[in-house]
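The structure under discussion appears below in the form of structure tokens.
The values are calculated or read from the model by the stated rules, or taken from the named source; none is laboratory data. The model shown is predicted, which means the values in this text are computed figures rather than measured ones. Backbone-built Cβ (ideal geometry, glycine too); neighbour counts: all protein chains shown.
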Amino acid sequence: MEQLTPIDYAYVNGDKWEYIGTGEPMPIFTYNKNTNEYLAGIYKERQLSDPAEMQAYVSQHVRSKALEAHIKNAVEQAKKEWKEECDGWVKSPETIEARLQKEPYFIRAWYERRLSWLKRSRAQKHSDAFLTKTVKQALLRLTETRKHHTVRPYKLLSAYYQNLYPHLPGMDKPRIKTLANEIAARVAEMLDAEIERLGGMDNVSEKDVIDVYRMLAAEVFSLRVNVPGWQALKPKKDRCGRDKLPPVDPAFSEIARMVSADWWERQLWRLRCDWREDLFRASNQVHRKAHPYISQDGMKEFTEQRQRNSEFFRNHELEDEDGKRASLQAMVLGSVSNPALRRNELMVRMQGVEFVAQERGDVGVFYTITCPSRYHATNHKGRMNDKWDHTRPPEAQRYLSKLWANIGSKLGRKGLRVYGFRVAEPHHDSTPHWHLLLFMRPEERKEITRIIHTYATKMDKEELVPDARARFNVKRMDPRKGSATAYIAKYISKNIDGYALDGEIDDETGKPLKDTAKFATAWASRYRIRQYQPIGQPPVTVWRELRKLNNQLVSILMQNNQYDPKKPLLADKAMDNILAAADVGCWASFVDLMGGVLIPRENYVVGIRYEDKDEPNAYGEIVERIYGIYSRIVGEASTVCTRSKKWKIVPKKSGSTEAEEQGTDTTDKGSLVFLGGFAAPRSSVNNSPLAEILNKNGRGINRTVPTAQCVFTVGKESVSEGGDNSQPTKKRKKKQLSKKVLRVITEGIASVNTDLTQEQAEKLAADGSIEIGSERYFISLNGRCLDNGRRKQPLSEPKPPVCVPGSSPVTPEITRLTDQLDELLHLTGITTPPEALARQLLAGKPLILRDEHYYLENGVIRVIRTAAAYKKRQQVVAAELQKKEAKREQKAASILARVEKMRINNT
């Protein structure tokens, strides 16, 4: 007869576990556990090999048959009572409402408001139907979801926190911080006990360190926290089947993480936010008719976090080793953290890939891949989906990633290659789906489409009869109807900042795309989902470092009066051509000069050079940082440093000026165009000499060229020039250059081109190009072509690229202010239309945003922060709240009057 141990029995009682017996203090096990397997594990753990020792241990843990029968009956009774308690509340509306009251406030509040309105305004049957259908289904879904929000059994930490973990989604930051300190202390205590058991640190071998790490990792994993470094340090076998000892150095850093309170605070807060969002999805509060993409609570936390980030940027600066400072806020606005710059860069890259495809003769196909219905919490109408298996959006994203990996493997076996872009965006219920714009050979298009269709519809294929477009859709790009870049531009903008989408309606939510863009950004941030990913292209990090390097070199040469646009900036010709392509913002030329598409990453011409940091991080690791770029053809000798300075973030000095606080006035009055083309060079924390040379007043990096330093030249070419690989371009809006710039260009034209009349010279200066007979004249600035309409040079020619895809024209004052305000509003989380604010500034009226006053002075937006401004803002907010409350009371009185009138008519 099978022998049982004291800790074999446990059962669920409400939201916690109960157990029977007086076993050792690790009580949480299962009531169906095989005792022989359990004892075998104990023998191995305690290294009991002698039969006498085994028998002695078993005799201490075996109960009598009478006690066994009593425990078994008690367990069966407890299971029966627990099942009745779980199932009994679904029998009547009253019990369902009582069960609803046990839910945390952030879950039940929405249902209570709805239920209260039904009881006041409708008959009893309506509220009962709402309880027995909607509320009941939501509560059942919440119960199933919480099964994934518990600790994993069999470990000491799970025994400590089994009753506390179900309340994790309702905790705030201070409570999470307290819990993190407590768990870190317990893990440190377990570490000390294990080291003491091994005889102290002097007696610990490398194998012991790995064993200690794995023991602590199992404890951490029981709390649903991903164990750091597990893939490298988990048990592995060699070819002979023996245990393979991994490197011991990473184990020390990972153990340091597991005993760090700061690390635990980040992990627990992430877990809390994920579980909280899961409960909102399960209770049907995330869909097109409630709050699309992300819950209202999650959107509020995202907005507040952005406001805190913005405040931090305003109150801190960057300081180098020499004590010189730069504006942190201006640095952030000049990086890809700025949504406008991020969108611009994506559009430039997308247009460049399209040019590459045209040169290669490839065709573009647009695919849409959606997850099966089991991944969707609600249907398209906002009703709860019965097929949902309680999977989370990150799990759906992993499904799509694995699906694409399988598709790529199949294409590789068939010898088929594709390149392009992948866009991940949410459905209204926050389930992700993918849009893929892929380019391929025309003769391979049908086979590639067939393979993608087969894999995309493989799971749950029976639900796709008769139409598979719910899971997979395909559309071939037709150049006669528009470019591929124009087609995907909407998907890029709608998931970043909603630029140029005024009046557009979202198909998923039925709401304006301008409003839902911030929801998509919050969704990606909450679930840590990468929205945009290139396929088969060079890394964009090289592009950004090259643009930064060009800006540095040109600035240094200009300061020393040594800049000559005809001379190369780098000694290696191939690297210099790639540098020029990145500088003018021509992604197509950059890709072509780097080696093309669909080649291994190590075969690209230019790569990133890394170096170890001087100091270890908080966990004792020596991490790498970007040092510069180098040519893989030339080798180490071609390395060029792009980050020569080291910066640290420090609090802003009390004597900072208003311009320093704002950080938006970063250009000189005589500026003409931006160096680096369409988008300024990126900087995470810009470690370049540029901050020292051009940031003398602490007003941010000056990325423009003064007019006095501009060298204008006029070029001439035949209109029927060969090698054209571009489509017929649409008529574009002419550049509106200032009178001063027009005069400078016109004088330069007259001095070098006597065959042009004054009228023709002025037209050339205004348009950038002019056709006279069979010749085309165009203007170059410092060797860069200013003509947007000039046809692109063939990619096969070894000339430095001169096209500037996607470059934007100089706009009037209202558009310039709108762009500045748009960046400011994105950082502060304010949703007011920037066009109206720009008009208010031009009218001479100040803006009051949050607790700050903004006004226009000499074309520059300034900010003041005073107690009077703060007090005035508080008064305005109070008045608005009173107005809303009065309007709400008036509406409620009107509803009550109508209800009373209906009651009188019915009687």
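Taking the criterion of being modelled with pLDDT of 90 or more and under 30 Å from THR391 (Cα atoms), would at least one residue in region 187-203 satisfy it? Looking for residues that are modelled with pLDDT of 90 or more and under 30 Å from THR391 (Cα atoms), one finds none in region 187-203, hence no. Restricting attention to region 541-587, the residues that are among the β-branched types (Val, Ile, Thr), in contact with a helix residue (DSSP H, G or I) (Cβ under 7 Å, 6 or more places away or on another chain) and farther than 15 Å from ARG632 by Cβ add up to 1.
Checking the stated criteria, GLU254 turns out to be charged (D, E, K, R), at pLDDT below 95 and crowded, with 20+ Cβ neighbours inside 10 Å. Taking into account only those residues within region 615-642 that are of a type in the set (D, E, K, R) and within 24 Å of MET258 (Cα to Cα), which is nearest to the chain's Cα centre (by Cα)? Across region 615-642, the extreme among qualifying residues is GLU624.
Please work out if GLY364 is outside any helix (DSSP H, G or I), in contact with a His (Cβ under 6 Å, 6 or more places away or on another chain) and small (Gly, Ala, Ser). Criteria not met by GLY364. Residues that are of a type outside the set (Asp, Glu), surrounded by 11 or more Cβ atoms within 10 Å (Cβ to Cβ) and within 17 Å of ALA581 (Cβ to Cβ): does region 613-629 have at least one? Checked against the condition, which is being of a type outside the set (Asp, Glu), surrounded by 11 or more Cβ atoms within 10 Å (Cβ to Cβ) and within 17 Å of ALA581 (Cβ to Cβ), region 613-629 yields at least one hit.
Scanning region 281-303 for residues that are in contact with a strand residue (DSSP E or B) (Cβ under 7 Å, 6 or more places away or on another chain) and closer than 18 Å to ILE529 by Cβ turns up just one, TYR293. Here ALA396 fulfils each of the conditions (1) more than 22 Å from ARG343 (Cα to Cα); (2) in contact (Cβ under 8 Å) with a residue 60 or more places away in the chain; (3) among the hydrophobic types (A, V, I, L, M, F, W, C) apart from (2). Just one of the numbered conditions (1) more than 20 Å from the chain's Cα centre (by Cα); (2) surrounded by fewer than 21 Cβ atoms within 10 Å (Cβ to Cβ); (3) modelled with pLDDT under 95 is not true of ASN309: (1).
Screening TYR487 against (1) of a type in the set (Ser, Thr, Tyr); (2) buried (at least 20 other Cβ atoms within 10 Å of the Cβ); (3) more than 30 Å from GLN296 (Cβ to Cβ) leaves a single unmet condition, (2).
Within region 621-637, the set of residues being under 19 Å from ARG601 (Cα atoms) and free of Cβ contacts under 8 Å to residues at least 12 places away in the same chain comprises GLY635, GLU636. The set of residues in region 493-512 that are crowded, with 18+ Cβ neighbours inside 10 Å and either in contact with a strand residue (DSSP E or B) (Cβ under 7 Å, 6 or more places away or on another chain) or in a loop (DSSP other than H, G, I, E, B) (or both) comprises LYS494, ASN495, ILE496, ASP497, GLY498, TYR499, LEU501, ASP506, GLU508, THR509. Yes or no: region 466-479 includes at least one residue that is among the charged types (D, E, K, R) and in a strand (DSSP E or B). Within region 466-479 (the criterion being among the charged types (D, E, K, R) and in a strand (DSSP E or B)), the answer is yes, since at least one residue qualifies.
Between TRP404, TRP434, the distinction of being buried (at least 19 other Cβ atoms within 10 Å of the Cβ), among the hydrophobic types (A, V, I, L, M, F, W, C), out of contact with any Ser or Thr (no Cβ under 9 Å at 6 or more places or on another chain) and at pLDDT 95 or above belongs to TRP404 only. Only residues that are buried (at least 17 other Cβ atoms within 10 Å of the Cβ) and not in a helix (DSSP H, G or I) were counted in region 125-149, giving 1.
Scanning region 348-370 for residues that are within 19 Å of the chain's Cα centre (by Cα) and surrounded by fewer than 21 Cβ atoms within 10 Å (Cβ to Cβ) yields a count of 0. Checking the stated criteria, ARG682 turns out not to satisfy the condition of being basic (Lys, Arg), at pLDDT 90 or above and not assigned by TED's automatic domain parsing to the domain that holds PHE252. Where residues in region 459-502 are without any contact (Cβ under 8 Å) to a residue 60 or more places away in the chain and within 26 Å of the chain's Cα centre (by Cα), which of them is farthest from ILE294 (Cα to Cα)? Residue satisfying both the conditions and the ranking: ALA486. Taken over region 70-91, residues that are closer than 27 Å to ARG281 by Cβ and either at pLDDT 90 or above or in a helix (DSSP H, G or I) (or both) amount to 6. Restricting region 106-119 to residues that are without any contact (Cβ under 8 Å) to a residue 24 or more places away in the chain and not hydrophobic (A, V, I, L, M, F, W, C), which is surrounded by the most Cβ atoms within 10 Å (Cβ to Cβ)? Step by step, filter region 106-119, then rank; the result is ARG108. Scanning region 409-428 for any residue that is in a strand (DSSP E or B) and acidic (Asp, Glu) turns up at least one such residue. Checking each residue in region 165-176 for being within 14 Å of TRP264 (Cβ to Cβ) and surrounded by fewer than 17 Cβ atoms within 10 Å (Cβ to Cβ) picks out LYS173, ARG175.
Taking into account only those residues within region 443-484 that are of a type in the set (Ser, Thr, Tyr) and under 21 Å from ASN406 (Cβ atoms), which is surrounded by the fewest Cβ atoms within 10 Å (Cβ to Cβ)? Top of the filtered list is THR454.
Taken over region 568-604, the residue count meeting the criterion of being surrounded by fewer than 20 Cβ atoms within 10 Å (Cβ to Cβ), under 17 Å from LEU557 (Cβ atoms) and among the acidic types (Asp, Glu) is 1.
Annotation: of all residues in region 371-401 being in contact with a helix residue (DSSP H, G or I) (Cβ under 8 Å, 6 or more places away or on another chain) and part of a helix (DSSP H, G or I), the one that is surrounded by the most Cβ atoms within 10 Å (Cβ to Cβ) is PRO393.
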